[in-house]
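Novice: First the structure, which I've put down as structure tokens, then a few questions once you've had a look.
The values are calculated or read from the model by the stated rules, or taken from the named source; none is laboratory data. Not measured: the values here are computed from a predicted model. Counting neighbours? That spans all protein chains shown, and the Cβs are built from the backbone with ideal geometry, glycine included. Keep in mind that these areas ignore ligands, DNA and RNA; they rest on the heavy atoms of the full protein, side chains included. Shrake-Rupley method; radii C 1.70, N 1.55, O 1.52, S 1.80 Å.
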Amino acid sequence: MTLTSLRRIYASTIPKFGVDNLKHLVYGKQLSSIVALKNCTSQVLAGVTYRFFDALKAVEVCLCATSPKLQRMGIGLRLMYELRAVLLDKYPDEATSDSQQSINRTCLIVTSADRSAVTWFERVGFRRENDTGRWKGRIEEILYGVLMVWEVR
């Protein structure tokens, strides 16, 4: 029920993805989603769908959207910070064996942003990535999308 409601939000805010592609992304076994729910009704307000790349200590934001009536209220920003917390929990700092000092591991959140969303991602903390070769074939690329990366610590 929750994922179906999230898919409907994606369909209304990102119509160019198409129903079949959205189903593949929302219900995919390799993907997870974080949703924002309305307290009293458990109504889905927004969500972010993502997948991990363990070898790269990274996560890809496949989809991120807020219900059209609730945009510009900071819900998407809160979801991004929740995703950041999930990423840092999955890849915590490691202690070195010789000095037992903590190594601050940098993790990455990467996305192929629609041109209309680039400014929003930049406000969150993402930057445009010029080296697309590292991600080619790994992330869901949007036609005319802009590759963006957020380094989190």
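Novice: Give me the angle, in degrees from 0 to 90, between the Cα long axis of helix 75-90 and the longest principal axis of the Cα atoms of the chain, rounded to the nearest 10.
Specialist: Approximately 40 degrees, to the nearest ten.
Novice: Could you pull the accessible area for T106 with a 1.4 Å probe, rounded to 10 Å²?
Specialist: T106 exposes around 50 Å² with every protein chain in place.
Novice: At 1.4 Å probe size, with every protein chain present, just tell me what the per residue accessible area of the chain comes to in Å².
Specialist: Here the per-residue accessible area is 60 Å².
Novice: Hey, another quick one. State, as an integer percentage, the relative contact order of the chain based on alpha-carbon contacts under 8 Å between residues 6 or more apart.
Specialist: RCO, the chain: 18 percent.
Novice: Can you list residues whose amide H is under 5 Å from F53's amide H, if they're 5+ apart or on another chain and H is modeled 1.01 Å from N?
Specialist: Those lying under 5 Å, H to H, from F53 are A58, V59, E60.
Novice: Report in % the part of the accessible area of region 25-80 that belongs to carbon and sulfur, leaving out ligands and nucleic acids; probe 1.4 Å.
Specialist: Taking all protein chains in place, region 25-80 shows 50 percent carbon and sulfur surface.
Novice: How big is the accessible area of D20 in square angstrom, nearest 10, if you roll a 1.4 angstrom probe over the protein chains?
Specialist: 120
Novice: Also, I was wondering about something else. Under Stokes-Einstein, with the Kirkwood radius over Cα pairs standing in for Rh, what whole-number D in µm²/s applies to region 2-135 at 20 °C and 1.002 mPa s?
Specialist: Using the Kirkwood radius from Cα pairs, D works out to 133 µm²/s.
Novice: Using only the Cα atoms of region 35-84, what are the Rg and Dmax in Å?
Specialist: 12.3, 40
Novice: So if I place +1 on the C-beta of Lys and Arg and -1 on the C-beta of Asp and Glu, and nothing else carries charge, what would the dipole magnitude of the chain be about its Cα centre? I want it in debye, nearest 20.
Specialist: 600
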